[in-house]
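First comes the structure, then the notes that go with it.
The values are calculated or read from the model by the stated rules, or taken from the named source; none is laboratory data. Just so it is clear, the structure is predicted and the values come from calculations on it, not from any experiment. Note that we place each Cβ from the backbone using ideal geometry, even for glycine, and neighbour counts take in every protein chain shown.
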Amino acid sequence: MQRPDHDLAFLLQYENVAWYEDGAVRILDRRRYPRTVSFVTCRDHRAVAQAIKDMVTQSAGPYPAAAMGMALAAYECRNESEEAQRAYLAAAAKRLSNARPTTAKRMARVCETMLEAADAAWRSGGRVDEAIRRRAIEANDRRYLRIERIAKNLADLFPQNGTILTQCFAETVVGMMLREARSRGISLRIFCPETRPYFQGARLTATVCYEMGFDVTVITDNMPAFVMQREHVDLFTSAADAITMDGYVVNKVGTFQIAIAAKHLGVPYYVTGVPDTVHPSIKDVSIEMRDPAFVLEAMGVKTARDGVKGYYPAFDVTPPELIAGVVTDRGILSPFALSEYGANEAYEVVV
């Protein structure tokens, strides 16, 4: 059977996101990619949690990293009693889930699924770490196949010779939508805001687009309105770190202001993903505030004088009235009618 990540860019191959093998988890360091291709090797699950916190991996990357981190935790306690292993894995799940606060509820669902795999291994007498690893790969397969369906629905909105504006790094959706466009013979121009302070748009999205053979241009974060107006953008799209059941989109900071400009200019904004039943209301979402020092530099180079303060919310919130539709694997829904989607599965983080 062909793996779902076939014909996708390097960054989206399973082994290049996060991978457990030989008592370690290897994570591609997205802070340095693509100028440097290097991996962070984690020898215990605490190091995996720290890598997630430190933005070694971003977008959807933390979810498979957490799953593989659970396999590593099982390896760490493999010689303990079953009771001790259960306690150790429960503590590991809590630590990995809370590595980043805004996505804690999604991460908890990932870890809960891995604990179910551990339960099955204890009942059968199999190796717990291998059982969790298999479950993590199976979950990745399901996620990629589900995102492929989302990408097909998104590609239905692409005009031939269209111009698309993205935001941050929409992970697997980017690769899948381009693979689908290519299969349909759709030609696209893509504009990627750089996405400070980690430059995910410039480094990750643009690299995926380029490697998959598309015309891609990087712009600074203060250019989207001008580009939409001057370059005749047909569609603005992003993924989401959370889509609340009352129709709000939590995504990389800057999404909200692009959505405002898009609405003013008549450019439809389509967000990809599924409604999060763990977030019935935007009131349930905690916005992560990160180290403000990162705002005062660019890729490690200081840009502001000493003594100047920075301000760094990791995400912002786009209200439903600015969203043309939520593109899911079950069709395109109004943000005001997300209950029509139905229940979503435990490990279906769709990015």
Requested in this report: For residue 250, indicate whether it is in contact (Cβ under 8 Å) with a residue 24 or more places away in the chain, closer than 22 Å to residue 164 by Cβ and under 20 Å from the mean Cα position of the chain (by Cα).
Outcome: yes
Report summary line: When the range 141-178 is checked residue by residue, the ones that are surrounded by 20 or more Cβ atoms within 10 Å (Cβ to Cβ) and among the basic types (Lys, Arg) are 143, 146
Report summary line: Note: among 56, 48, 25, just one is under 23 Å from residue 97 (Cβ atoms), surrounded by 20 or more Cβ atoms within 10 Å (Cβ to Cβ) and without any contact (Cβ under 8 Å) to a residue 40 or more places away in the chain, namely 56
Report summary line: The correct count of residues that are in contact with a helix residue (DSSP H, G or I) (Cβ under 7 Å, 6 or more places away or on another chain), small (Gly, Ala, Ser) and part of a loop (DSSP other than H, G, I, E, B) in the range 236-262 is 2
Requested in this report: Considering only the range 280-321, state which residues are of a type in the set (Gly, Ala, Ser) and either surrounded by 14 or more Cβ atoms within 10 Å (Cβ to Cβ) or out of contact with any strand residue (DSSP E or B) (no Cβ under 9 Å at 6 or more places or on another chain) (or both).
Outcome: 281, 286, 293, 298, 300, 307, 310, 314
Requested in this report: Report, by residue number, each residue of the range 21-51 that is more than 20 Å from residue 135 (Cα to Cα), of a type outside the set (D, E, K, R) and assigned to a helix (DSSP H, G or I).
Outcome: 47, 50, 51
Requested in this report: Filter the range 30-61 down to the residues that are among the small types (Gly, Ala, Ser) and more than 17 Å from the chain's Cα centre (by Cα), then identify the one that is nearest to residue 274 (Cα to Cα).
Outcome: 47
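Let's see how each residue does on (1) surrounded by 16 or more Cβ atoms within 10 Å (Cβ to Cβ); (2) in contact with a strand residue (DSSP E or B) (Cβ under 9 Å, 6 or more places away or on another chain); (3) under 16 Å from residue 259 (Cα atoms); (4) at pLDDT 95 or above:
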{"residue": "181", "(1), (2), (3), (4)": "yes, yes, no, yes"}
{"residue": "184", "(1), (2), (3), (4)": "no, no, no, yes"}
{"residue": "206", "(1), (2), (3), (4)": "yes, yes, no, yes"}
{"residue": "212", "(1), (2), (3), (4)": "yes, no, no, yes"}
{"residue": "221", "(1), (2), (3), (4)": "yes, yes, yes, yes"}
{"residue": "224", "(1), (2), (3), (4)": "yes, yes, yes, yes"}
Query raised in the report: Quick one: residue 260 ticks every box in (1) surrounded by 17 or more Cβ atoms within 10 Å (Cβ to Cβ); (2) out of contact with any strand residue (DSSP E or B) (no Cβ under 8 Å at 6 or more places or on another chain) bar one, so which box is it?
Result: (1)
Report task. Only residues in the range 65-90 that are surrounded by 24 or more Cβ atoms within 10 Å (Cβ to Cβ) count as the first member; pair them with residues that are assigned to a helix (DSSP H, G or I) and of a type in the set (Phe, Trp, Tyr), Cβ under 7 angstrom, at least 6 apart or cross-chain, and list the lot. Result -> 73/88
